[in-house]
Structures are given as structure tokens and as C-alpha cells.
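J.: If you scroll down you'll find the structure; I have some questions about it.
The values are calculated or read from the model by the stated rules, or taken from the named source; none is laboratory data. Please read all numbers here as calculations on a predicted model, not as lab measurements. With ideal geometry, Cβ positions are generated from the backbone for all residues, glycine too; neighbour counts draw on all protein chains shown.
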Amino acid sequence: MQYALIVYNEAEYDAAPPDEVHAEYSELAHDSRFVDMAQLAPAATATSVRVAGGRTLTTDGPFADTKEVLGGFCVIEAANLDDAIDLAARIPAARLGGGVEIRPVARR
């Protein structure tokens with residue numbers, strides 16, 4: 001079954017040694033259970049879109065202002081939720097103050 005791992009970062013993540021974090025993500029990318037992964041540009045580069053009254057409204061920045069910032073995502077192939085949890089725990093953000101949300105991928 002495929003799961004999306006949605007990665008949220010916090011300030012501790014930015015303070016971690018970049019080479020160490022990059023090496024950990026690189027190792028994960030070589031695990032055959034990781035189907036795809038991508039890091040997102042900083043939240044300051046985001047544009048949010050809403051449609052109200054037939055008009056498209058845009059604002060600079062992320063949709064919500066929170067301590068945690070959406071930093072990236074992974075799509076994995078896991079046997080079950082327990083396997084997905086084990087993989088999510090290996091993501092550096094999970095131990096550096098952020099978190100990883102796991103959701104089954106809904107196929108149409």
C-alpha cells in the first residue's frame with residue numbers, strides 16, 4: 001500500500017548540521033520503499049489561493065501561520081501502517097522538533 005509522509009519542520013531542523021541531514025535524506029532516497037520524495041522551497045516563497053464570490057484571491061506566504069512549516073513529502077510503498085511508521089521515524093524532521101504525518105494514498 002502507498003502512503004504519503006508529509007514532513008513538517010521546526011526551528012531545530014534549521015539548526016541541525018546540513019551535511020548530516022542531507023546524508024540521512026539521501027540514504028532514505030535509496031531505500032526501495034521510497035517511491036518519490038521532494039523538499040519544498042521555504043514557506044516565504046509560497047502563494048496561497050482562495051476563490052470567493054467567483055474571484056481568485058492570492059496572498060503571499062503559507063495558508064496558515066504555525067510553528068511547524070510544511071517542508072516536503074515522500075510517497076512510500078509499505079506493507080502496512082506499522083511499516084510506514086517505522087519509515088516515518090527515520091525522517092530527520094521527526095527527531096528534530098518537527099513531525100511526519102502519514103496518510104494512505106487514495107487511488108482513483
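J.: Find all pairs meeting these conditions: Cβ atoms under 6 angstrom apart; at least six residues apart or on different chains; first residue within the range 26-43 and closer than 21 Å to Pro104 by Cα; second residue among the charged types (D, E, K, R) and outside any loop (DSSP other than H, G, I, E, B).
T.: That search, which allows pairs on different chains as well, returns Arg33/Glu77; Val35/Glu77.
J.: Quick check on this structure: which one of Glu24, Glu20, Glu77 is more than 16 Å from Leu5 (Cα to Cα) and among the charged types (D, E, K, R)?
T.: When all the criteria are applied, what remains is Glu20.
J.: Shifting gears a bit: Select from the range 70-86 the residues that are β-branched (Val, Ile, Thr) and either at pLDDT below 95 or in contact with a helix residue (DSSP H, G or I) (Cβ under 9 Å, 6 or more places away or on another chain) (or both) and list them in ascending order.
T.: Ile76
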